Amino acid sequence: MDSNVLCKCREDSEEQKKYDEIRNIIDLYRGKEGCLIQVLHAAQKIYGYLPLELQRFIADALNIPFSEVSGVVSFYSFFSVKPRGEHTIRVCLGTACYVRGGKKLVEHIQKTLDVELGGTTSDGKFTFEVARCIGACGLAPAIMIDDVVYKQMTPTKLDSLLAKFYERGGEK
């Protein structure tokens, strides 16, 4: 049997499992006022991002207009319509971080990981974003990887930190 057919079947099966899980979440929230954001958060966590097909599925399942779902997804920066990396790197560009080297960190990440702002590395390891302030002004310049803040970051420290993510799959 052709291995591509097997792979496609597994992909369809995995896709179906994700949609089933999202359907279960929708069933929990259906009929509750203001549930759309919670459903979208859960769907993105399960699926990884919110492609148009998934947005249509959610709109149909909640019996709301697709334009409402699309409007919420496009309004909030947390939601993504493109696949995201395994980890998210956010460089703080608030005033303190910017003045203390945040812009250099942005340039270093772009060069080192060959990724544009808002993009995902070709290996799918990192999605790269900036934040206006992460509330760590006394630790500037600061970055976040996923939900962990790293203080007084330099390009050299950043290289060491990224190496840990590639070696062990994450900072332990």
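Bear in mind these aren't lab numbers, they're just calculated from the coordinates by the rules spelled out. Since this is a predicted model, take the numbers as computed values, not measurements. Cβ placement follows ideal geometry from the backbone for every residue including glycine, while neighbour counts extend to all protein chains displayed.
Scanning the stretch 43-90 for residues that are more than 23 Å from E116 (Cα to Cα) and in a loop (DSSP other than H, G, I, E, B) yields a count of 3. Taking the stretch 126-164 as the range and being surrounded by 15 or more Cβ atoms within 10 Å (Cβ to Cβ), in contact (Cβ under 8 Å) with a residue 24 or more places away in the chain, not in a helix (DSSP H, G or I) and not small (G, A, S) as the test, the residues that pass are F126, T127, F128, E129, V130, I134, P141, I143, M144, I145, M153. R168 meets the conditions (1) within 15 Å of E86 (Cβ to Cβ); (2) surrounded by 13 or more Cβ atoms within 10 Å (Cβ to Cβ) in every case but one. The failed one is (2).
Of a type in the set (D, E, K, R), in contact with a Phe, Trp or Tyr (Cβ under 8 Å, 6 or more places away or on another chain) and either within 14 Å of G118 (Cα to Cα) or touching a residue at least 12 places away in the same chain (Cβ under 8 Å) (or both), is that true of R100? Step through it out loud before you land on a result.
On the way: of a type in the set (D, E, K, R): yes; in contact with a Phe, Trp or Tyr (Cβ under 8 Å, 6 or more places away or on another chain): no; either within 14 Å of G118 (Cα to Cα) or touching a residue at least 12 places away in the same chain (Cβ under 8 Å) (or both): yes.
Judged against the criteria, R100 is not a match.
Per the conditions (1) on the phi > 0 side of the Ramachandran plot; (2) in a helix (DSSP H, G or I), the sole criterion not satisfied by I22 is (1).
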